[in-house]
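Quick notes on the structure that follows.
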Amino acid sequence: LLLLLACRPVELRHMEWEEIDFKDGVWRVPGDKMTKRRPHTAALSKRAVEILESIPHEGRYVFASYAWEGEPMGEKSLNWAMYKLKIDGSPHAVRATFSTWAHENGYDSHVIEAALAHADPNAVRASYNAATYLPQRRELAEAWAKHIDKQAT
């Protein structure tokens, strides 16, 4: 899921079942879980939805801690998983890979930045532009998922 969502590792670790809207295919992350404290709606690819549906829906967190009941998985869990899978880099580096791939494949920078939950650095433009680019982000999520699946085969 980290690869498919290109989210920050801390966001994935704290993902809660109540934030997932399977019907609309989105993950609504509350602002208090985001770096800039702004809520974010992430478009879920069909593959991401399949993976989420395959996980037992038990407890609050999608990825619960094995050691501490009622808590999300540990801070180093994703790093450990990547190490065990012999994947170079950090979990956060997935975001750079996603951004590079999306730019190289002609996706609009505004769509990519919205998918990454980045704010427009231009304060004036940001105050006027309330676009979420959700339809375009859905298209990008599907293309990215196909790319990831192709790399895995």
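The values are calculated or read from the model by the stated rules, or taken from the named source; none is laboratory data. Just so it is clear, the model here is predicted, and its values are computed rather than measured. Using ideal geometry, Cβ is built from the backbone for each residue, glycine included, and neighbour counts are taken over all protein chains shown. Only protein heavy atoms, including side chains, enter the accessible area calculation; ligands, DNA and RNA are left aside. Shrake-Rupley method; radii C 1.70, N 1.55, O 1.52, S 1.80 Å.
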Total residues in the stretch 103-117, condition surrounded by 19 or more Cβ atoms within 10 Å (Cβ to Cβ), of a type outside the set (A, V, I, L, M) and modelled with pLDDT under 95: 0
Test result for ALA81, touching a Ser or Thr at 6+ places or on another chain (Cβ under 8 Å), of a type outside the set (Phe, Trp, Tyr) and part of a helix (DSSP H, G or I): no
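Does any residue of the stretch 106-113 turn out to be outside any helix (DSSP H, G or I) and over 25 Å from THR41 (Cβ atoms)? If you could, list the steps in order and put the result at the bottom.
Within the stretch 106-113, the first condition is being outside any helix (DSSP H, G or I), and the residues that meet it are 106-108.
Subsequent filtering for residues that are over 25 Å from THR41 (Cβ atoms) retains none.
Scanning the stretch 106-113 turns up no residue that is outside any helix (DSSP H, G or I) and over 25 Å from THR41 (Cβ atoms).
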Identity of the residue in the stretch 21-37, within 21 Å of HIS92 (Cβ to Cβ) and either among the small types (Gly, Ala, Ser) or more than 15 Å from the chain's Cα centre (by Cα) (or both), that ends up most open to solvent (accessible area, probe 1.4 Å): ARG37
From the options PRO56, PRO72, residue that is farther than 28 Å from GLN136 by Cβ, surrounded by 15 or more Cβ atoms within 10 Å (Cβ to Cβ) and either hydroxyl-bearing (Ser, Thr, Tyr) or modelled with pLDDT under 95 (or both): PRO72
Subset tally (residues that are closer than 18 Å to GLU11 by Cα and part of a loop (DSSP other than H, G, I, E, B)) for the stretch 90-105: 3
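Test of understanding: among LEU134, LEU85, which residue is closer than 24 Å to ARG37 by Cα and not charged (D, E, K, R)? Full working, then the answer.
Values: LEU85 fails: closer than 24 Å to ARG37 by Cα.
Unique residue meeting the criteria: LEU134.
Go through the stretch 62-78 and count every residue that is among the hydroxyl-bearing types (Ser, Thr, Tyr) and either assigned to a helix (DSSP H, G or I) or within 15 Å of the chain's Cα centre (by Cα) (or both). So that I can check it myself, show each step before the final result.
Taking the stretch 62-78 as the starting set, the residues that turn out to be among the hydroxyl-bearing types (Ser, Thr, Tyr) are 65-66, 77.
Okay, now just the ones that are also either assigned to a helix (DSSP H, G or I) or within 15 Å of the chain's Cα centre (by Cα) (or both), so 77.
Qualifying residue count, the stretch 62-78: 1.
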Hey, ALA42 out of contact with any Asp or Glu (no Cβ under 7 Å at 6 or more places or on another chain), in a helix (DSSP H, G or I) and surrounded by 16 or more Cβ atoms within 10 Å (Cβ to Cβ) or not: no
Candidate set from the stretch 118-131 (those that are of a type in the set (A, V, I, L, M, F, W, C) and either under 20 Å from MET34 (Cα atoms) or modelled with pLDDT of 95 or more (or both)); member that is surrounded by the fewest Cβ atoms within 10 Å (Cβ to Cβ): ALA130
